[in-house]
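These notes concern the structure reproduced below.
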Amino acid sequence: TREKLLSQGEAINSQNETLANAQRIMAETEEVALEITSELSRHRETISSTHSRVRQVTGLTHRARRIVQSMSRREVQQKLILWGVGGCIVVVFLILIYGMMS
């Protein structure tokens, strides 16, 4: 019976060691989980900030596109006016030449 008690004592010590190891592993796992949660929170803030910047840049891009389109329309209008004025000058010049020859 003494041997039986000793073997049971060793079994209990072994189980206690197993439990202690399990508790240590659980504490380490919890610590890693907390670090991961903290890191994910930082990443979320970074992503949110980046998303905000992307929206700002998109807005500026749309505005720039409208400005360029407006400038392009103005350029076409100015060219048409220039050609019109040039055409009028040519017509007036031709009328003057015709008047001088007659």
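Computed from the coordinates by the stated procedures, all read-outs in this text should not be read as laboratory data. Bear in mind that the values here come from a model prediction, so they are computed numbers and not experimental data. Cβ placement follows ideal geometry from the backbone for every residue including glycine, while neighbour counts extend to all protein chains displayed.
Here are the numbers for the structure shown:
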read-out: Total residues in region 1-41, condition among the basic types (Lys, Arg) and loosely packed, with under 10 Cβ neighbours inside 10 Å; value: 2
read-out: Residue check, Arg42 of a type outside the set (Val, Ile, Thr), assigned to a helix (DSSP H, G or I) and more than 18 Å from the chain's Cα centre (by Cα); value: no
